[in-house]
1. Would you work out the Kirkwood radius for region 9-157? I mean one over the mean of 1/r across all pairs of different Cα atoms, in Å.
2. Starting with the fewest neighbours, write out 115, 126 ranked by other beta-carbon atoms found within 10 Å of each beta-carbon.
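Since every read-out is calculated from the coordinates, none of them should be taken as a lab result. These numbers come from a predicted model, not from an experiment. With ideal geometry, Cβ positions are generated from the backbone for all residues, glycine too; neighbour counts draw on all protein chains shown.
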């Protein structure tokens with residue numbers, strides 16, 4: 001955990017969904033209400049583009065194609081970073097208390113738990129997609145994985161009802 005001189009670190013698992021934006025808004029409200037300064041690390045775990053397979057009829061090699069896919073992926077990450085940091089600013093989070101980290105990972109749940117451990121985060125914040133029990137069983141759930149494997153508190157913020 002953080003020492004008295006250092007702000008408490010919270011890790012927000014971010015996937016650019018409305019759900020993770022709701023978790024970010026929840027954190028900003030909590031931070032403002034408590035008049036505290038916490039360090040928020042926004043972690044964006046993204047799966048790398050798959051390697052091209054088989055014969056290609058394109059006029060470029062597989063290496064060139066993969067390089068292009070990675071450049072497009074990096075550009076998308078940059079757009080997400082800019083939108084996320086702009087949202088942080090709109091929500092009144094001080095720029096010096098927010099850090100955005102992106103990482104290519106095949107399994108986001110494991111990556112989130114590992115990043116929280118590396119940062120010694122006080123808690124992990126994340127949105128939930130609100131999957132039904134059968135959907136979670138069949139598809140798996142990143143939030144379920146994190147809740148069961150993180151050795152720290154996990155705050156799963158539901159998307160609020162749009163009608164009320």
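1. Across region 9-157, the inverse of the average 1/r is 16.7 Å.
2. Placing the least packed residue first, the sequence is 115, 126.
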